[in-house]
Amino acid sequence: MSGTQPNPSSTSYELAPVRDEDTESAEPMFNRKGPQTGGNAHTRTISPQRWGLEILSVTASLTLFIGMFVIFFTMQDKPVSEWPFPISINAAIAVLSTACTAAMMHNVSAFIGQLKWLYLKTRPCQLDNIQTFDEASRGPYGSLMFLFKASWNMATLGAIITILRLGFSPMAQGVIDPKPRQVPIPDERVTFGFAHAYNRNVNPDMMGVMPPDPYMQSAIIKGLYDIKTSPIFNCSGSCSWDDRWVSLGFKSVCENVTTATLDTMSCDDDTARLTNKGTPQLCNMTTPSDIKLFTAYSVTQWGTEFYSDTSVLSAYPNQFSDTTDLIRVAILRSELDYNYREVYTDVTECTISYVTYEYTGAIADGNKFSFGRTRVIDLKWLDAEEEEERVKGEEEDQLDPYWPRRLISKPARADVPEFVSSRVDEGALTDFMKTETFRMNATSHGLGAILGRQVNVSQRFDKIASMSNARKHKVPLWKPSALVLLACQHDEDEGRIRGTTETVAELEKRAKSSRAKLE
């Protein structure tokens, strides 16, 4: 009997080759090269179809970066008001920097993702490195871990860029640092005081008495009492003057002459009896500048604590002198022991004279006014013959005794103008300094209460010298203006231009009613 055998099933099983899992798993993966096809060559080229978005993002990031640089360059040291767009410059930089980093990080992420395949192609490595590359392409934390886990390669540069881009936007915005700056705005109403003349244009009365100058007297008293006053200026905000200004003023120089003065002391014990308890001792002495000082002493009764006297040095009224010293004051101060005898005597001489102050860098801010630099220029009187020729009156050889005198710099300088000093005002000043306020003994009211031994005399007389500020506030600070044409007079005979005595308000009024044409 013949038999038939069944056909084999469509599913057949074959013996699989035996392999060692441990051994094979330790072998590197992807170490066999598959069949090469022509399509692989295409992946090595930069194709717009494959890399178009990356090319676009590179172009965009470079364009945005250049845009920020252009803004930085064009707005350097420019006021914010010149920014032409409605959005602020800080907001514009924030938008551009954010967009630039976004476009840049798209390329960096693609850069790291592509390099992981080149990294694997270069040499065998653990597959865990693939995860490290992927995490590095996602953000700063993965990039930081990548620096420690993977060996350094080209992708390391991308990881560093990913970390550093965190500070790109803040630093880009930090470049824009708008600070408040002074914007110069010309303003003819901004003024401060300076003077080229000490002249009130007044004459003595019929008896030859000089009219007192209350402004100058008040300034002297303020200086003696160390009363601080604000400078006279007109500025509504913050103002500055870059030019150089010269002004007529006063200075004081004080010197301790105790030894030289006490060497001349002469005392008289035979004077008349003032009280029944003793005969006072009277002493006199002379300072090096020939100012007489007197003291008196009575045992257990009284003694002189303070004595002062004033000497007038200015030429008065029709004499000429080389010195510009006006007044010299000598002050004697003493302490008394239990017998009222003088001890610790101190003698000081202070001289007040004309000088010129050269000011530069004037600044006014709020209620404060100051100069960047102040320099003192010495003066001298104009030569007597030259002055006499200048002011000669109707009588050919007669000089007006009250005609204002002129001062020039010493030595003469072309950049320092002539200054005018009124003999009448000098006389009013010296008359005040010769009153009992400055010429007194300890029994009278006067300087004794404010110039005691604890007071710095030199400092107080510096305050007195600053009285020149009281005469400056009525002098305007000239700006470029057509009023200068009305404020000057040309003397063809002497070849000089002189200013008028009209005020700015009067000149402005006259300018409105005047018509002129340049020919």
With a point put 7 Å past each Cα toward its Cβ, work out how far Val175 is from Glu188 in nm, to one decimal. 4.5
Modelled FRET efficiency - R0 51 Å, Val70 with Lys228, Cβ distances, 0.05 increments: 0.40
With each pseudo-label sitting 7 Å past Cα toward Cβ, what's the Thr98-Lys410 distance in nm, one decimal? 7.4
Cα centre as origin, Lys/Arg/Asp/Glu Cβ charges: the stretch 48-175 dipole, Debye: 380
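Arrange the following residues from fewest to most other Cβ atoms within 10 Å of their Cβ: Ile352, Ile112, Ile160, Ile227. Present the calculation step by step, with values, prior to reporting the outcome.
Working: Ile352 24, Ile112 27, Ile160 15, Ile227 11.
In order of increasing Cβ crowding within 10 Å: Ile227, Ile160, Ile352, Ile112.
So how much slack lies between Leu336 and Thr63, counting 0.36 nm per residue of separation and subtracting their Cα-Cα distance, in nm? Mind dumping the intermediate values first?
Details: separation 273, 0.36 × 273 = 98.28 nm, distance 9.00 nm.
Working it through step by step, the gained length comes to 89.3 nm.
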Residue order, fewest to most surrounding Cβ atoms within 10 angstrom, among Glu188, Glu305: Glu188, Glu305
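Over 26 Å, how big is the tail of the calculated P(r) for the stretch 48-175, in percent of all Cα pairs? Each step should come with its number before you reach the end.
Values: 2861 of 8128 pairs.
So the portion of pairs separated by more than 26 Å is 35 percent.
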In order over the stretch 236-248: 3J(HN,Hα) from phi, Karplus 6.51/-1.76/1.60, θ = phi - 60°, whole Hz, x for each Gly or Pro, gives 7, x, 10, 10, 8, 10, 8, 7, 9, 10, 10, 9, 6
Given labels modelled 7 Å from the Cα in the Cβ direction, how far is it in nm from Trp302 to Lys434? 2.7
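Once fully extended, how much extra length lies between Ser266 and Arg200, figured as 0.36 nm per residue of separation less the alpha-carbon to alpha-carbon distance? Kindly include the intermediate steps, with their values, before the conclusion.
Numbers: separation 66, 0.36 × 66 = 23.76 nm, distance 4.42 nm.
The span from Ser266 to Arg200 would gain 19.3 nm if fully extended.
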What FRET efficiency, computed as 1/(1 + (r/R0)^6) with R0 = 41 Å and r the Cβ-Cβ distance, is obtained for Glu418 and Val455, rounded to the nearest 0.05? 0.65
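With 19 Å as the limit, write out which pairs from Lys228/Lys434; Lys222/Lys463; Lys228/Lys368; Lys228/Lys251; Lys251/Lys292 have Cα-Cα distances beyond it, or answer none. Present the calculation step by step, with values, prior to reporting the outcome.
Values: Lys228/Lys434 25 Å; Lys222/Lys463 8 Å; Lys228/Lys368 13 Å; Lys228/Lys251 17 Å; Lys251/Lys292 23 Å.
Where the Cα-Cα span goes over 19 Å, the pairs concerned are Lys228/Lys434; Lys251/Lys292.
Calculate, for Leu56 and Trp117, the FRET efficiency according to 1/(1 + (r/R0)^6) with r their C-beta to C-beta distance and R0 22 Å; round to the nearest 0.05.
Details: r = 22 Å, r/R0 = 1.02.
With R0 = 22 Å, the Cβ-Cβ based efficiency is 0.50.
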Using a 10 Å cut-off around each Cβ, can you sort Thr258, Thr437 from fewest to most neighbouring Cβ atoms? Thr258, Thr437
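No lab work stands behind these numbers, since they all come straight from the coordinates. In this text, all values refer to a predicted model and were calculated from it rather than measured experimentally. FYI the Cβ positions are ideal-geometry reconstructions off the backbone, even for glycines, and counts take in every protein chain you see.
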